[in-house]
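Single-structure report; data block below.
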Amino acid sequence: MAASHTARSVAEHLAGLGAAVEVLEPVAVRAELATLGLKPLPSVGNFVLVGFGSKERAAAANDWMMNDGLIPRMVAGYGLPEHLRITIGTEAEVKAVQASLARFVAAK
């Protein structure tokens, strides 16, 4: 409920500014990443925390996404070395993340 309220509040704010930005729900993004065999954790923010199973695989996914022009965040400093923090942006940005990770999973 809080996530929907937050997303709605952001969407209303952007609409008030005249921005044409679609706000995506973290739940939908997590579901898409889970279909790739990744392990996204529940989120109510504008990002998802995605588990890759090992710190080596998370580092490889980080490098892969960076090579695709995307900027995930490593979170080993928070005690989560096998995870990446990925911002939920516009629909086009989320599709780019999903495509990059689909290629990563297929190649690794």
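The values are calculated or read from the model by the stated rules, or taken from the named source; none is laboratory data. Everything numeric in this text was worked out from a predicted model, so none of it was measured. When we count neighbours, we look across all protein chains shown, and the Cβ atoms used for this are built from the backbone with ideal geometry, even at glycine.
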Pick from segment 65-108 the residues that are assigned to a loop (DSSP other than H, G, I, E, B) and charged (D, E, K, R): which of them is nearest to PHE47 (Cα to Cα)? GLU82
Out of curiosity, is ARG103 surrounded by 16 or more Cβ atoms within 10 Å (Cβ to Cβ), charged (D, E, K, R) and either at negative phi or in contact with a His (Cβ under 7 Å, 6 or more places away or on another chain) (or both)? no
Step by step: first the residues of segment 83-100, then only those that are touching a strand residue (DSSP E or B) at 6+ places or on another chain (Cβ under 8 Å) and among the aliphatic types (A, V, I, L, M), then the one that is surrounded by the most Cβ atoms within 10 Å (Cβ to Cβ). Which residue is that? ILE86
Test of understanding: among ALA61, ALA34, which residue is of a type in the set (A, V, I, L, M, F, W, C) and loosely packed, with under 15 Cβ neighbours inside 10 Å? ALA34
Scope segment 69-82; condition loosely packed, with under 14 Cβ neighbours inside 10 Å and closer than 22 Å to THR35 by Cα; matching residues: ILE71
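Residues are listed down the side, and each one gets a yes or a no for (1) in a loop (DSSP other than H, G, I, E, B); (2) out of contact with any Asp or Glu (no Cβ under 6 Å at 6 or more places or on another chain); (3) of a type in the set (Asp, Glu); (4) at positive phi:
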position	(1), (2), (3), (4)
GLY37	yes, yes, no, yes
PRO42	yes, yes, no, no
VAL48	no, yes, no, no
ALA58	no, no, no, no
ASP63	no, yes, yes, no
Report, by residue number, each residue of segment 1-35 that is in a loop (DSSP other than H, G, I, E, B) and at pLDDT 85 or above. THR35
Residue by residue through segment 47-68, note down the ones that are within 14 Å of the chain's Cα centre (by Cα) and farther than 18 Å from LEU36 by Cα. MET66
